[in-house]
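Bear in mind these aren't lab numbers, they're just calculated from the coordinates by the rules spelled out. All of these numbers come straight from a predicted model, not from anything done at the bench. Neighbour counts run over all protein chains shown; Cβ positions are idealised from the backbone, glycine included.
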Amino acid sequence: MDSDDGSELYPSDVEHDYTTSIFKDSDGLIDSYKPSFDAYFTHASSRTRTSTNVFSQRVLPLSPEEHKSALIRASAHAYTPQVPFDNSNFKRWARELDEGFNLLFYGLGSKRSILNNFAKHVSKRGHVTVVNAFHPSVTVRDMLVSITRVPGVQSTSSASPTLEHIAEHFADSDSPHLFLIVHSLDHSPKLARAISSLALSPHIHIAASIDRFNAPLLFSASQLAARKGSFFSSDRATTNIGYSWLWHDLTTLAPYTSELAFADPTSISGASSSRARVDVNNPISGPLTETAAMHVLAAVTAKAKKLFSLLAAKQLENAKSSDAAEINTAHNPNDQQHLSLTYDVLFTLARDAFIATNDTALRALLGEFRDHGLVVSASQPGTSGSEVLWIPLRKERLSKLVGTLDGDGT
């Protein structure tokens, strides 16, 4: 714009005041204006609010039995994508084995079917031994016994086969070729260490698969860098440690049906087997179920059942009175410590009900429950070692368990 003296005034000639200013908007309301950097620090200095609407509180966690049945229903409707595979790769893999490499296959999906077909392909060129390392009962000795079934490997002595004996046999230039197919090698670190003593033998060829993303941690840098060659000595066969891996991506997206056949489908929380004592700073109990509780209760005395019913009834009373408070307080879904009962109160109630008349009798009755995780305990915060006890079951499942006990006349 033009000024009175005829000079033009540019926006850059105006001195700006970046302090908070007050102005009126179109409605005549007074509002405050802050520059962007002031608004950022004002927002950053304010406390963030976290919602107390925890999803795990709204939806009950599945019990092991419910989780197992859900897996069965889901597998019936599961869609398995197919990744095309060309069997002509078998010739290239066999050539790589002839060149002194061992093959390690990684990738998402089960590789068992393809490796078994590859075992059939190389069976015309030598002896084949297949090791299912994913089986929990497979040991190094099982693998050695299978190898000794190859003609000429079995020694005349009745002693158990050893790595030294097998390594020395296949170090001989006149020995046959052995193709060792290992499924899910990373499931058995002991097998992996044993195979490292055989992998550099010029007449032993290994094709193995791994399933876990951290499987390469099983192999040291020197073992990965080792290669087959003339340095392999039959006089010190077991000192030739290494793998000579050649890595191949074998993504199939096939389900791990065989590999997971021996896994426990009910282990959904990785809980520790020891649940008798609980750290007060992290009092999370294991996945106790009604079925497991009923098995334990069926084996205890009548007084022990009455004590359990007494503790369960008091815990349910505490749960009803704390329902309103629980809406505004985020408790861990598996943590029932806020519903616990102090040991002194439980002793008074047990004595009045003629369940236990002294401290020794009460602790003897609680011992069986603690050993099986039906009752857990911790030191009460803010007190001088006062002990609190509770049953690690949600209110709904504990009510169902108490109803079953009452129906059995206990």
So if we plug the beta-carbon distance of Arg351 and His77 into 1/(1 + (r/R0)^6) with R0 = 56 Å, what FRET efficiency do we get, rounded to 0.05?
-> 0.50
Label point distance in nm, Arg397-Ser258, each placed 7 Å from Cα along Cα→Cβ = 3.5 nm
Please give the net charge around Phe90, taking every other residue with its beta carbon less than 14 angstrom from that of Phe90, where Lys and Arg add +1 and Asp and Glu add -1.
-> +4
Rough spin-label spacing in nm, given labels placed 7 Å along Cα→Cβ, for Ala70 and Arg95 | 5.0 nm
At R0 = 51 Å the Cβ-Cβ FRET efficiency linking Leu224 and Thr291, nearest 0.05, sits at 0.60
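Residues with beta-carbon under 13 Å from that of Ser258, excluding Ser258: net charge, scoring Lys, Arg +1 and Asp, Glu -1?
Taking every Cβ under 13 Å from that of Ser258, the sum is 0.
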Env charge @ Val122, Cβ radius under 12 Å, K,R +1 / D,E -1, value +3
